[in-house]
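The values are calculated or read from the model by the stated rules, or taken from the named source; none is laboratory data. Note that the structure is predicted; figures quoted are calculated from it, not measured. In this analysis, Cβ positions are derived from the backbone assuming ideal geometry, glycine residues included, and neighbour counts consider all displayed protein chains. The area values use the complete protein model at the heavy-atom level, side chains included, leaving out ligands, DNA and RNA. Shrake-Rupley method; radii C 1.70, N 1.55, O 1.52, S 1.80 Å.
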Amino acid sequence: MPLFCFNTPADYLEAARQMADAGRPTLARLLAEEAADRTSDAAEAARTLHEFPGSSLRQED
């Protein structure tokens, strides 16, 4: 398994797509949520979350 380096929203989005392709939709959704959080454009963040449907699985403090 490759080692990931997450510096940009695109890095998180690419990892989310890889996890979705690998049949790991929960991890894909979490990575997509992180990508959306790190995106300054609200429309782009919405498109990102739309690509990975589902409700948030995050547990906030």
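List of remarks:
- With respect to being at negative phi and open to solvent by less than 60 Å² (accessible area, probe 1.4 Å), A22 falls outside the description.
- Pairing each residue of segment 33-53 that is among the hydroxyl-bearing types (S, T, Y) with any residue that is in a loop (DSSP other than H, G, I, E, B), provided the two are 6+ apart or on different chains, yields C-beta distances under 8 Å for T48/T39.
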